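Visitor: After the C-alpha cells below, expect a handful of questions from me.
The values are calculated or read from the model by the stated rules, or taken from the named source; none is laboratory data. It should be emphasised that the depicted structure is a prediction, and the values quoted were computed from it without experimental measurement. Cβ atoms come from the backbone with ideal geometry, glycine included; neighbour counts cover every protein chain shown. Heads up: the accessible areas ignore ligands, DNA and RNA and are worked out on the full protein's heavy atoms, side chains in. Shrake-Rupley method; radii C 1.70, N 1.55, O 1.52, S 1.80 Å.
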Amino acid sequence: MKKRILTGIQSSGKPHLGNILGAILPAIELSKSKDAESFFFIADLHSLTTIKDGKERKEFVNAVAATWLALGFDTQNNSFYRQSDIPYVTELNWYLNCFTPFPMLANAHSFKDKSEKLADVNAGLFTYPVLMACDILLYDANLVPVGRDQLQHLEITRDIAHSFNAKMGETFVVPESQIRQDGMLIPGTDGQKMSKSYHNYIDIFLPEKELKKVILSIQTDSTPLEEPKNPDTCIVFKLFSLLASHEQILSLKNKYLAGGFGYGHAKNELLSLILDIYKDERLKFNQIILDESYLQRELEKGALKANTIAEVVIKRVKSKLGF
Ligand code: ADP
Ligand code: TRP
C-alpha cells in the first residue's frame with residue numbers, strides 16, 4: 001500500500017512568501033513521490049480558535065485553496081480538502097478527548113504561549129492538539145511533515161494513538177513526524193521572520209502596484225547611493241537570493257559591491273524577479289479566486305475522497321468503543 005503523507009495548514013490568513021517557500025512548495029515536492037499518496041487539508045476548524053468572523057474565514061479558506069492549486073498541487077492523485085467538510089473529525093474529537101490526559105494538554109507549550117498572548121483564551125485553544133490528532137489518525141496517516149513548532153503536537157498525537165491502542169486494542173496507525181529543516185527561514189520586510197502576526201509579509205499574488213508598495217517598504221540602512229553596499233546584511237538581497245538563479249545572485253552582488261547602485265534599484269530587481277518567476281502562478285491564482293464554483297468543485301472532490309477513508313476508520317473506532 002502507498003504511504004500516506006498528511007499535513008494541514010490553518011486558514012488564519014492569506015498565505016505569504018514565507019508559507020509558500022517554507023511549507024507549501026516543500027509539501028508539493030514531497031507529494032510527487034510515486035510510492036506515496038498525500039492528504040493536504042485546510043484546517044478551518046482550528047482557525048475558529050482565533051477567527052470568529054465567517055466572511056473572513058471563507059475569504060482565507062479560498063485564498064489558501066487557490067494558493068495550493070495555483071502552485072500546482074495535483075488533486076487528481078492526492079486528496080485536497082477542507083477540514084470542516086469531514087464531520088467524522090469532530091466526532092472522533094469527542095472520543096479522543098476522553099483518552100487524553102488533562103495534564104498533557106495543560107503542559108503543551110503552544111497553549112501556554114497562546115494563553116499568555118491572547119485575550120480570548122477559550123477551551124478550543126486548550127483542546128487544539130486533540131483535534132489535530134484526529135486530523136491525522138482519521139486517515140491512517142504514516143508521515144506528517146510539519147514545522148518545528150508543531151513537533152510537540154505530533155508527540156501528543158502519537159501518545160494518544162499509543163494509549164488508545166493499548167487500552168482498546170490495535171486501532172490507529174501511529175504516525176511519524178517529519179520536521180522541516182529551519183534552514184529556510186524567510187525574513188519579512190522588517191528583517192524578522194516573515195509572519196502574518198508581524199504584518200511584515202509579502203503576498204506574491206497582490207496586484208503589481210500594491211506588491212511594489214510592499215517591496216519598497218523593505219527596511220534598508222542609510223548607506224548613500226554612490227557607496228558600495230553589503231549584500232550580506234541586506235534583507236532585499238536575502239529575499240532575492242532565495243528566489244534567483246546563481247548567475248542572477250552573482251550579478252546583483254557585484255552591483256552592491258561596486259557602488260552607484262541604490263536600494264531602490266535593488267528593490268525594483270526583486271519586484272521584477274517575483275513578477276517573472278511567479279508569472280503563471282499569479283495568473284492562475286487570480287483566475288481561481290474569481291471562480292468560486294471551480295474552487296467549491298475542487299474542495300468537494302477532495303471531501304468525497306477524504307470522507308470515504310475517514311468512514312472506515314471511524315467505524316473501526318466505534319466498534320472498539322461499543323457505539
Ligand atoms: P504565520 O507565522 O504567518 O502565522 P504559520 O504559523 O501559519 O505562519 O505557518 C504556516 C507554515 O508556514 C508553517 O508550517 C511554517 O513552517 C511555515 N512558515 C511560516 N512563516 C515562515 C517563514 N518566515 N519562513 C519559513 N517558513 C515559514
Ligand atoms: N496546527 C497546524 C499549524 O498551525 C495545522 C494543523 C492542523 C496540522 N491539523 C494538522 C498540521 C494536522 C499537520 C497535521 O501549523
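Visitor: Every residue in region 144-167 that is closer than 29 Å to PRO26 by Cα, more than 15 Å from ligand 1 (Cβ to nearest atom) and open to solvent by less than 40 Å² (accessible area, probe 1.4 Å), please.
Guide: Selection gives ILE156, THR157, ILE160, ALA161.
Visitor: Still on this structure: List the residue pairs whose Cβ atoms are under 8 Å apart, where the first residue sits in region 7-35 and is in contact (Cβ under 8 Å) with a residue 60 or more places away in the chain, the second is acidic (Asp, Glu) and within 13 Å of ligand 2 (Cβ to nearest atom), and the two are 6 or more positions apart or on different chains.
Guide: GLY8/ASP135
Visitor: Between a residue in region 121-140 that is free of Cβ contacts under 8 Å to residues at least 60 places away in the same chain and any residue that is of a type in the set (Lys, Arg), which pairs come within a Cβ distance under 8 Å, given they are 6 or more apart or on different chains?
Guide: The qualifying pairs are VAL121/LYS114.
Visitor: Among the listed residues ASP44, ASP35, identify the single one that is closer than 19 Å to LEU299 by Cβ and not β-branched (Val, Ile, Thr). Please lay out each step first, then the result.
Guide: On the way: ASP35 fails: closer than 19 Å to LEU299 by Cβ.
Criteria check complete, one pass: ASP44.
Visitor: Related question: Does region 259-275 include one or more residues that are out of contact with any Cys (no Cβ under 9 Å at 6 or more places or on another chain), over 20 Å from LEU216 (Cβ atoms), open to solvent by 20 Å² or more (accessible area, probe 1.4 Å) and in a helix (DSSP H, G or I)?
Guide: No.
Visitor: Same structure again: Kindly list the number of the only condition in (1) of a type outside the set (Val, Ile, Thr); (2) under 25 Å from GLU29 (Cβ atoms); (3) within 15 Å of ligand 2 (Cβ to nearest atom) that fails for TYR201.
Guide: Result: TYR201 fails condition (3) only.
Visitor: I've got another one for you. Give region 162-189 a look and list any residue that's modelled with pLDDT of 95 or more, more than 16 Å from LEU321 (Cα to Cα) and aliphatic (A, V, I, L, M), or say none.
Guide: If the condition is that a residue be modelled with pLDDT of 95 or more, more than 16 Å from LEU321 (Cα to Cα) and aliphatic (A, V, I, L, M), then VAL173, VAL174 are the ones that fit.
Visitor: Another question, if that's okay. Assess whether PHE285 counts as being part of a helix (DSSP H, G or I), in contact (Cβ under 8 Å) with a residue 40 or more places away in the chain and of a type outside the set (D, E, K, R). Talk me through it step by step, then tell me what you get.
Guide: Values: part of a helix (DSSP H, G or I): yes; in contact (Cβ under 8 Å) with a residue 40 or more places away in the chain: yes; of a type outside the set (D, E, K, R): yes.
Spelling it out, PHE285 is indeed part of a helix (DSSP H, G or I), in contact (Cβ under 8 Å) with a residue 40 or more places away in the chain and of a type outside the set (D, E, K, R).
Visitor: Have a look at ASN19, ASN77 and point out the one that is at pLDDT 95 or above and either at negative phi or not aliphatic (A, V, I, L, M) (or both).
Guide: Values: ASN19 fails: at pLDDT 95 or above.
Among ASN19, ASN77, only ASN77 is at pLDDT 95 or above and either at negative phi or not aliphatic (A, V, I, L, M) (or both).
Visitor: Mind checking which residues of region 142-166 are more than 18 Å from ARG4 (Cβ to Cβ), away from ligand 2 (no atom under 12 Å from the Cβ) and among the polar types (S, T, N, Q)?
Guide: Within region 142-166, SER163 is the sole residue that qualifies.
Visitor: Now a separate question. Given region 1-111, what strands (runs of 3 or more DSSP E) lie entirely inside it while holding 2 or more residues that are open to solvent by 10 Å² or more (accessible area, probe 1.4 Å) and within 14 Å of ligand 2 (Cβ to nearest atom)?
Guide: Those strands (runs of 3 or more DSSP E) span 3-10.
Visitor: If you go through region 132-143 one residue at a time, how many are aliphatic (A, V, I, L, M), open to solvent by 10 Å² or more (accessible area, probe 1.4 Å) and away from ligand 1 (no atom under 16 Å from the Cβ)?
Guide: Filtering region 132-143 for residues aliphatic (A, V, I, L, M) gives 132-133, 136-138, 141, 143.
Keeping just the survivors that are open to solvent by 10 Å² or more (accessible area, probe 1.4 Å) gives 132, 143.
With the extra rule that they be away from ligand 1 (no atom under 16 Å from the Cβ), the set shrinks to none.
The total comes to 0.
Visitor: Let me ask something else. Is there a residue being at negative phi and in contact with a Phe, Trp or Tyr (Cβ under 6 Å, 6 or more places away or on another chain) anywhere in region 229-240?
Guide: At the first step, the residues of region 229-240 found to be at negative phi are 229-240.
If we keep only those that are in contact with a Phe, Trp or Tyr (Cβ under 6 Å, 6 or more places away or on another chain) as well, we get 229, 231.
Among the residues of region 229-240, at least one is at negative phi and in contact with a Phe, Trp or Tyr (Cβ under 6 Å, 6 or more places away or on another chain), which makes the answer yes.
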